[in-house]
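Read through the structure below, which is laid out as structure tokens, and then see the notes.
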Amino acid sequence: MAVSLGFFGGAGTVTGSKYLLEAPGRRVLVDCGLFQGSKPLRRHNWEPMPFDPRSVDAVVLTHAHLDHSGYLPRLVRDGFDGPVHATPATRDLCEILLRDNGRLQERDAELANRHGFSRHRPALPLYTEADAAAALRRFAPVPFDAPFDVGGGLTLRFRPSGHILGAALAALSWEARSVLFSGDLGRWNSTIMPDPARVEETDFLLVESVYGDRRHAAEDPEELLAEVISRTAARGGTVLIPALAVGWAQTLLFHLHRLKARRRIPDLPVFVDSPMALNAAEIFCRYLAEHRLTAAECRAACNVATYVQDAGESAALDRDPAPKVIVSASGRATGGRILDHLAHFASDPRNAIVFGGLQAEGTRGAAIAGGAEAVRIYGRMVQIRAEVANLHLLSAHADADDIMAWLSGFRRPPRRTFVVQGEPPASEALRRRIVDELGWDCEVPEHGRIVTLD
């Protein structure tokens, strides 16, 4: 039987990463992400999978972000009962993210039913917190750089990708062949995370392309962050920062700590309004060997903010007129408490909204960053009069030059390279660079395509 690879997410779009590797006697799903963004993309989350979840023998996760892990509770609810292999840090972060997303799914369904702004009667959650708990019981962590037998003659090896804590390159090998999944690649010379591990060879490669058509600017990201915070404080406003509670939030807090310590911004109170961010910070400080910060730096960065736990404290932030910084999930403004704060602060020109990276097409974040005059939140239109900034420099994603630098470390070209996890222009731009500069056999697969790895 030939070995095949199916692209059932993360192909033709940034989100929903799902790659099904089918070898003789073994089916392994690499990543199990949620589709996020536009309604046509989100509809994929509700469609039956193109394969029976019960037929999957194991899941491999490259990292914890929901566009790579967030569909797992639904997969388990629909019958998957095999092991989920991820690094220990990814497992710990998924404990936070999956449970929180289950709660948010339930909360959003309840709000839709109470206020009647859903076409579905009744509106239902994609999955619940209980479903997330069931999925977490399937985890069987695998450490970095430790070859692991996943059955059926397949061997798994994780190596650091430098994107967020626990993020991994996932290499699966069988007989004399191998396939490498990049997951999300981190940036070279990051302040916090290590460089992506060098890989010298693989037969088949899936490489991400989130920033495949652009370069991060050369400016100092801290200086740009300091400028927007200082401007906003001078006019008596509040800075809203939609942030991924896992990964980007910890990087942001480190920069805020340094800016305050160097007195480059006013000594404004910083609030992290995300119940899971405090737990993520604790995990970050637990895995000191997997990032560049010392224990003292890690504690200082995490202690620069006040962590808001309950909904009453969160609502009180909106009633407080004093200048401040509010960091809240989600990073693309697709859900979570950031929506409450946007509904309150976005229409006041004294305030500012600061994004920290690429906003997936079809999300509120993309609309706001793109200059929309109003966005819909909880069924009503909210005017966007606040200053809007997007500091791509703070993104945890490799840019096009970073990706090409990583690819240049291969001793020999892969037999086939697939460019994934990008909007079509970004994926195509990266494909052209790989073909023109490296001379590799390279393509951008379509959603739903199945290829034979021969």
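Throughout, read-outs are computed from the coordinates displayed, never taken from laboratory work. All figures in this text were calculated on a predicted structure; none of them were measured in a lab. Counting neighbours? That spans all protein chains shown, and the Cβs are built from the backbone with ideal geometry, glycine included.
For residue 146 and residue 306, calculate 0.36 nm times their separation in residues minus their Cα-Cα distance, and state this gained length in nm to one decimal.
53.8 nm
Loop only per DSSP, at most 16 neighbouring Cβ atoms within 10 Å: give me the GluC sites (Glu not before Pro) in region 139-214, ordered by residue number.
Working: sites: 175, 200, 201, 208; in loops: 175, 200, 201.
Filter output for region 139-214: 175, 200, 201.
Neighbour counts of other C-beta atoms within 10 Å: give me 325, 272, 435, 444 arranged from fewest to most.
Ranked by crowding around the Cβ, least crowded first: 435, 444, 325, 272.
Looking at region 367-454, which GluC sites (Glu not before Pro) are in a loop (DSSP not H, G, I, E or B) and have at most 16 other Cβ atoms within 10 Å?
For GluC sites (Glu not before Pro) across region 367-454 that sit outside H, G, I, E and B with at most 16 neighbouring Cβ atoms in 10 Å, the list reads 373, 446.
Taking a point 7 angstrom from the Cα of residue 435 along the C-beta vector, which residues in region 171-208 have backbone N less than 18 Å away?
Under 18 Å, as judged by backbone N against the label point of residue 435, lie 205-208 of region 171-208.
State, to one decimal in nm, how far the label point of residue 103 lies from the label point of residue 219, with both points 7 Å from Cα in the Cβ direction.
According to this spin-label approximation, the distance is 3.6 nm.
In nm, to one decimal, how far is the residue 51 label point from the residue 343 one, both placed 7 Å along Cα→Cβ?
Modelled inter-label distance: 4.1 nm.
Taking the Cα centre of each part, how many Å lie between region 337-361 and region 385-439?
Cα centres, region 337-361 to region 385-439: 27 Å.
Quick one: order 403, 450 by neighbouring beta-carbon count within 10 Å, fewest to most.
On the way: 403 24, 450 13.
By the 10 Å Cβ count, ascending, the order reads 450, 403.
In the chain, if the dipole is taken from +1 on Lys/Arg beta carbons and -1 on Asp/Glu beta carbons about the Cα centre, which of 451, 275, 164 is farthest to the positive end?
After comparing all options, I get 275.
Under 4.7 Å Cβ to Cβ, no partner at all: give me those cysteines from the chain, in residue order.
Those would be 32, 94, 302, 442, since no other cysteine Cβ in the chain comes under 4.7 Å of theirs.
Taking neighbour counts of Cβ atoms within 10 Å as a proxy for exposure, in what order, fewest first, do 255, 65 appear? Display every interim value, and only then the final one.
Working: 255 21, 65 29.
Result, fewest neighbours first: 255, 65.
Using only C-alpha atoms and all pairs of different ones, pull out the Kirkwood radius for the chain in Å with one decimal.
Taking the inverse mean of 1/r over all distinct Cα pairs, the chain comes out at 22.3 Å.
Ranking request for peptides 177-185, 275-283: highest mean number of other beta-carbon atoms within 10 Å first, then the rest in descending order.
In decreasing order of mean packing, 177-185, 275-283 become 177-185, 275-283.
So, in nm, how far is label residue 447 from label residue 198 when the simple model puts each one 7 Å beyond its Cα toward the Cβ?
3.9
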